[in-house]
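The values are calculated or read from the model by the stated rules, or taken from the named source; none is laboratory data. Treat the numbers as computed from the prediction; the structure is a model and nothing was measured. Cβ placement follows ideal geometry from the backbone for every residue including glycine, while neighbour counts extend to all protein chains displayed.
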Amino acid sequence: MTFSSVGKKTLTATYEGAFDFYGSSDSVLHTVEKASTTTAISGHDPSPSIAGQEVTVSFTVAVTPPGAGVLTGGVTVEDGEGHTCSTTVNQGVCRLTPSSKGSKTISATYEGDGNYLGSSDSVSHLVNNELPSGTILINGGALATTSLSVTLTISADDDSGIPPEMQFSNDSSEWSAFESLIASKPWMLSKGDGQKTVFARFRDITGEPTVPVSDTITLDTLAGDEYGVTVNGGALFTNQITVTLTLGAKPYTTQMQVSNDGGFSGTLWEAYNSQTYWTITQYGNYVIPRVVYVRYKDMEGDVSSTFQDDIILDVTAPNGWVEVITSGTNNIALGISASNPASIRPSFSTLPNHRIVPAQHLPFTVFIPQMSKNILCYPPTGEPNVTLRLYAEDDVSGVAGMMISHLPNFPCAIWQPYITTKAWFAPPGASMVYVKFRDYAGNVSEVVSDEIP
């Protein structure tokens, strides 16, 4: 016999009798108590969660044998810090939102009903304060690389103590698949020299990715993927103690040492860079090669042999002179312009040796002999009318070029290769020739001059 309710029950047994026997009965008092139940939490997701994130708690409530029947009533779920949710026993799911970091005890309590006893269950649940945090370094923090292939050094942790997953991108748009956290990973940069950025983000068991972190490096394939150093692009001379070093290096180079001393005394390791400024040592005006020494270190900590290049520091300017050998007529140039050149037919009949230029050839120049003021500045374009004798000397790097002008501030003049005799066009009205010389180190002489007869 199965009772569907609790309480005091009278159990009666009755014999109905037979043709030779009278019937009979007896009764006893029987108590039906509430059946026991078992509550079990089957899930609490996500786990761990983040403070302020909703957690879905799944549960079951069953009648404990030998009890049976259909349960009614409600279930309350709480996290031990005042955050609760309630639902009916047959729903099996309830959602609450922990608001603080730490280990929580989530409990589900069935309150029971008229026929069934209540029961409860609890589980531990970890609430993180924030998403995982992490960092990324390209080639151990190097400033440059000569190869598309680099090594990423990754560090990340999570409040849960469970290592997060990681993924990477060259543009923060297209990402690699999430993978288990490792400390070092090979990676390919995007093609094309210039600054490159690699992005990384992480996720914990909650599945929510972090805000990307990144590191930058300059891809410089022109520097060369073998160890080496070049001073000022391979120049033989310089007139400055500050020079530019081009530093080729093998892939995965992380650090370098640069020194004016081949023993690297007191020189610290620094992040590898393919281009850097360097100060060479100046020993007064002594003309000796200044040597720069470099060595490199890779991701494994292996140190290369020493590489070097030199350059001669020349701080002495050349000196020289100029002499006008022959000269022609000095003229002055007058520039004439008009808003409607086609309508102009100028005439300078009152001037000696005048020349009329057709309007379709405007703008034009009128030359007036033997006038020497209001000289215009323009590059010399006429037929040579002066022969110059030039002399310059430089004891170190040699004379490389010269600049010639009819004015002492050299407007419109350009550097040209040094020669000792020059047929030169003296602009109209010029009375002097000015010259300065430059050596291969870039030192410029004082201005020298001579009169044009």
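Overview of results
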{"item": "In segment 64-111, the residues that are of a type in the set (Gly, Ala, Ser) and touching a Lys or Arg at 6+ places or on another chain (Cβ under 7 Å)", "result": "80"}
{"item": "One residue from 151, 230, 216, 254 being in a strand (DSSP E or B) and closer than 30 Å to residue 283 by Cβ", "result": "230"}
{"item": "Qualifying residue in segment 139-154 (condition: at pLDDT below 90 and in contact with a strand residue (DSSP E or B) (Cβ under 9 Å, 6 or more places away or on another chain))", "result": "no"}
{"item": "Qualifying residue in segment 74-81 (condition: out of contact with any strand residue (DSSP E or B) (no Cβ under 7 Å at 6 or more places or on another chain) and assigned to a strand (DSSP E or B))", "result": "no"}
{"item": "From 4, 25, residue being over 30 Å from residue 206 (Cα atoms), small (Gly, Ala, Ser) and part of a loop (DSSP other than H, G, I, E, B)", "result": "4"}
{"item": "Members of segment 402-435 that are surrounded by 19 or more Cβ atoms within 10 Å (Cβ to Cβ), within 46 Å of the chain's Cα centre (by Cα) and within 22 Å of residue 316 (Cβ to Cβ)", "result": "402"}
{"item": "Subset of segment 94-115 (residues that are modelled with pLDDT of 90 or more and polar (S, T, N, Q))", "result": "97, 105, 107, 109"}
{"item": "Residue that is surrounded by the fewest Cβ atoms within 10 Å (Cβ to Cβ), among those in segment 110-135 that are within 52 Å of the chain's Cα centre (by Cα) and of a type in the set (Ser, Thr, Tyr)", "result": "124"}
{"item": "Identity of the residue in segment 39-73, assigned to a strand (DSSP E or B) and at pLDDT below 85, that ends up surrounded by the fewest Cβ atoms within 10 Å (Cβ to Cβ)", "result": "50"}
{"item": "Of residues in segment 7-22 being small (Gly, Ala, Ser) and either assigned by TED's automatic domain parsing to the domain that holds residue 110 or in a strand (DSSP E or B) (or both), the one nearest to the chain's Cα centre (by Cα)", "result": "7"}
{"item": "Selection from segment 112-136 of residues that are more than 26 Å from residue 44 (Cα to Cα) and in contact with a Leu (Cβ under 7 Å, 6 or more places away or on another chain)", "result": "136"}
{"item": "Test result for residue 294, surrounded by 15 or more Cβ atoms within 10 Å (Cβ to Cβ), part of a loop (DSSP other than H, G, I, E, B) and not basic (Lys, Arg)", "result": "no"}
{"item": "Members of segment 6-41 found to be on the phi > 0 side of the Ramachandran plot and in contact (Cβ under 8 Å) with a residue 12 or more places away in the chain, listed by number", "result": "7"}
{"item": "Tally of residues being loosely packed, with under 13 Cβ neighbours inside 10 Å and either touching a residue at least 24 places away in the same chain (Cβ under 8 Å) or over 27 Å from residue 160 (Cβ atoms) (or both) across segment 175-207", "result": "11"}
